[in-house]
Structure formats: structure tokens, C-alpha cells
1. Need at least 1 residues that are within 26 Å of residue 341 (Cβ to Cβ) and in contact with a Leu (Cβ under 7 Å, 6 or more places away or on another chain) per element, so show me which strands (runs of 3 or more DSSP E) inside the stretch 97-163 make the cut, counting only ones lying wholly within it.
2. Please verify whether residue 163 is under 16 Å from residue 49 (Cβ atoms) and surrounded by 22 or more Cβ atoms within 10 Å (Cβ to Cβ), treating the condition exactly as stated.
3. Can you pull out every residue in the stretch 18-45 that is part of a loop (DSSP other than H, G, I, E, B) and surrounded by fewer than 24 Cβ atoms within 10 Å (Cβ to Cβ)?
4. Suppose we keep only residues that are surrounded by fewer than 18 Cβ atoms within 10 Å (Cβ to Cβ) and among the small types (Gly, Ala, Ser) within the stretch 120-155. Which one would you say is farthest from residue 227 (Cα to Cα)?
5. In the stretch 263-283, what residues are away from the ligand (no atom under 12 Å from the Cβ) and either within 14 Å of residue 253 (Cβ to Cβ) or of a type in the set (Gly, Ala, Ser) (or both)?
6. Residues to consider are 94, 152, 126, 148; find the one that is among the acidic types (Asp, Glu) and over 27 Å from residue 52 (Cβ atoms).
7. Of the residues 78, 113, 122, which is among the β-branched types (Val, Ile, Thr), more than 14 Å from the ligand (Cβ to nearest atom) and either more than 22 Å from residue 29 (Cβ to Cβ) or touching a residue at least 24 places away in the same chain (Cβ under 8 Å) (or both)?
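The values are calculated or read from the model by the stated rules, or taken from the named source; none is laboratory data. The shown structure was predicted, so the numbers you read here are calculated from the model rather than taken from an experiment. Quick reminder, even Gly has a Cβ in these numbers, built from the backbone with ideal geometry, and neighbours come from all protein chains shown.
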Amino acid sequence: MSSCSDVWKEKKRVVVVGGGIAGALIVKQLQFHADVILVDPKEYFEMPWTWLRAMVEPTFAERGIIDHTDYFKNGRLVTATASSVSENEIMTSEGRYISFDYLVIATGHLDTVPMTRMQRLVTFRENHQKISYAKSVLVIGGGPTGVEFCAELVTAFPNKKITLVHSGPRLMEFVGTKAATKCYEWLAARNVDILLEQTVNLEAVTEEGTYETSRGETIVADCHFECTGRKLSSTWLQDTILQSSLDEEGRLAVDQHLRVKGYDHIFAIGDITNITEIKQGLYAQKHAQVAAKNIKNLLKGDKKAKLASYKPGKAIAMVTLGRKEAMAYFPFLTVVGCVPGFLKAKDYFVGRTRKQLGLEPHHHQS
Ligand SMILES: Cc1cc2nc3c(=O)[nH]c(=O)nc-3n(C[C@H](O)[C@H](O)[C@H](O)COP(=O)(O)OP(=O)(O)OC[C@H]3O[C@@H](n4cnc5c(N)ncnc54)[C@H](O)[C@@H]3O)c2cc1C
């Protein structure tokens, strides 16, 4: 009879670094096929697209923040950040070495968030309180996050003064002009003050509640939120064997099977990859599915196993405009209103994402 530790030894080890959209799904899919270790600095997985609704309705965060142990039942969770990697092991921030047969890098972004789910839920309650007390709110950044956030704010708090400042000549430069204009009009019709081609230097704020833009305009706001994009988490790969696989933006070059170029046993998935497509959770989930399939095949020991290929996703986007409407952008079509709103605005894909992780779509955990 083999002991527990013998059983682990017989299995190949897959280490997944990063427990975001991509990392959580691949862990879920591989947990009964290998000795799986997930390395993530937090004890939970969260869906970034729920943040904006959760800021104005904190209970909305409850279904979108899930303890890793709720879907990852057969493996080990190491709550740490990875700080280095070699051919067959990673090093964590506390100096621990973890060896692997296969490695999956899914470290998209590293946000400054608390370690436990309960603490994370508190941050949304605190932000909600801050917004509730404010008469005016400044939102910096007119990408999809800034636009969705303004729409959530005006829907939940129609009497607050909302100002949106964006550095570009139009909102959301990554979608077509028509789509951007429709979102602009939607917000303007609800009295959001939109300032384009301007920036706000937060370091130069002297008087509390008074902000100055790069064009010298003054904005008075009781609080502000930055929606200017998240930094990639790939600095930990610098000065390692994977340094030469990083592009100028810090993304990892992968082949069509999602293996880091030049390595048969190291995969990368999600926003950290340099696949030419819009960086979306939807695609990060698809990467996880393709890489899981390939790793399962490789685990069977068949060196000639045919590996699945990933086809880059199309340039589509869906931006929520309050509780009922949304803007759906496809290469040759833009639709605004309740039809795309029906797909995203009510639930923000939370039920669907929970189901993918094998959880009840509507179960409240707290
Ligand atoms: C406000 C907002 C709204 C969005 N809306 C949508 C939407 O409607 N639809 C859509 O498809 N996409 C949307 N996105 C994009 C989507 O969230 C990302 O594409 C997706 O989260 C990428 O998943 P990922 O797993 O690659 O990275 P992430 O979700 O960023 O996860 C990375 C994980 O890696 C961990 N990590 C980082 N560095 C390390 C390290 N060194 N060691 C260990 N762990 C590490 C982090 O803690 C995190 O858990 C939205 C994003 C934001 C911010």
C-alpha cells in the first residue's frame, strides 16, 4: 500500500503561478490529473469585472470573490508571490523553492489587495461609504473601466456630480469611433462632465478636494478614483531564464500551444501573454482550457501527443452602461441598449464564471 506522500511522488507536479481568471480555471481543470500547486498572494480568486458594480453595491462582490479552496479541492495552495524561476523550480517571496515538472505562468496583474476574502469584502464596503458621503466624484481614465465605473456611479447615485478626465482625444480608443461616441453620449446625457485630452497630476493636489488638469481647468471633487490600467506582473521574470522571452511591454512570447517559446514544459496564459488580441477575461479562460488540454496530454507521457492550438480572439468588447444597458462592439457592428445589456449588465458574467469553477451560480457565500 502506498502512503499519501508516495502517491504525490508518483504524480507529475504542475505548478500554477497566479490565481486570477486564467490560473483559477486551469487549476480547477488539472487538479485530479497531477500534483497541482497554486501560488497566489491571496487566499481567494476574484473577477475584476465585478469591482465596478461592487463599489456602488458592496454585496455584489460576495459572489465574485471566491476562496481558492472552494473550487481547488485536490492540491496545495501556497499564499506567496513568486519571485524567480529556473528550468525546474520557482522561488517564492519567502525564499521557498517549489520544483515542477510543468509550470503555468498566469500572473497577469498584481494588485494591492488584502490577503483574505473577508478583508477584501470590507474594502468594497469602505469604498461604497466613501462614495455615499461624497457629493462629487472624479474618475481618472476613460478606458472601458472608467466608462463602466461612471455609468455605475450615475445609475446608483444620479444626484452626484461625476467628472471623467481622459488623456486621449476620445473615450476608449481601443474600440471604433462610433462605439466610443455612443458611450460618450450615454454618459453626457446623464450629466457626466467629460474632459478629453487632459490629465490630472495627483501629486500636485494642494488643496483637498481641488484638482487641476494639464490644461489648467479646476475640478472640485470630494473623492477620486484612478481607472488608468493595471501594471503587468512580469518583473519577477526579469533576470531569470525567461527574461529573453519577455517583449518590450513585459509580456511572455508563447507558441500556438501556449508554451513559452523555447520551453516544452513551461506554459503562459492570460493577460501576461503577448498574443495579439484584446486582453480579456473571456480569452484568459480560453487560454486556460487549451493549456489544460495540452498539459493533460503531456502528463499521459505521450511525447508525440498532438497538442491543441489557440486561435487569437476577435476584437470584441462589451461595456456595461448601468443596470440594463451595455455597448457591444464587434469589428463591423456596434450595438447599444438593452439587448447587450441583457447579456452583461445584470450579472456581469458572475454566474457563468462561478459555474465554470464548479460552483452554484447564485450561491451567496458570506
Ligand atoms: C475593471 C475591469 C473590468 C473588466 N471587465 C472585463 C469584462 O467585462 N470582460 C472580460 O472578458 N474581461 C474584463 N476585464 C479584463 C479581465 O479582468 C482580465 O483580462 C483578466 O483578469 C486576466 O486574467 P489573468 O488571470 O490573466 O490575470 P489576473 O486576473 O490579473 O490575475 C493574475 C493573478 O496572478 C497573481 N499574481 C501576480 N503576480 C504574481 C506573482 N509574482 N506570484 C504569484 N501570483 C501572482 C495575482 O494575485 C492574480 O491573482 C476587466 C478588467 C478590469 C480591471
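1. So the answer is 136-140.
2. For residue 163, the condition - under 16 Å from residue 49 (Cβ atoms) and surrounded by 22 or more Cβ atoms within 10 Å (Cβ to Cβ) - is not met.
3. Within the stretch 18-45, 31, 32, 33, 34, 41, 42, 43 meet the criteria.
4. 132
5. 263, 266, 267, 274, 276 - these are the residues of the stretch 263-283 that are away from the ligand (no atom under 12 Å from the Cβ) and either within 14 Å of residue 253 (Cβ to Cβ) or of a type in the set (Gly, Ala, Ser) (or both).
6. 94
7. 122
Residue-by-condition table, conditions (1) of a type in the set (D, E, K, R); (2) modelled with pLDDT under 95; (3) within 9 Å of the ligand (Cβ to nearest atom):
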residue: 17; (1), (2), (3): no, no, yes
residue: 31; (1), (2), (3): no, no, no
residue: 35; (1), (2), (3): yes, no, no
residue: 41; (1), (2), (3): no, no, yes
residue: 46; (1), (2), (3): yes, no, yes
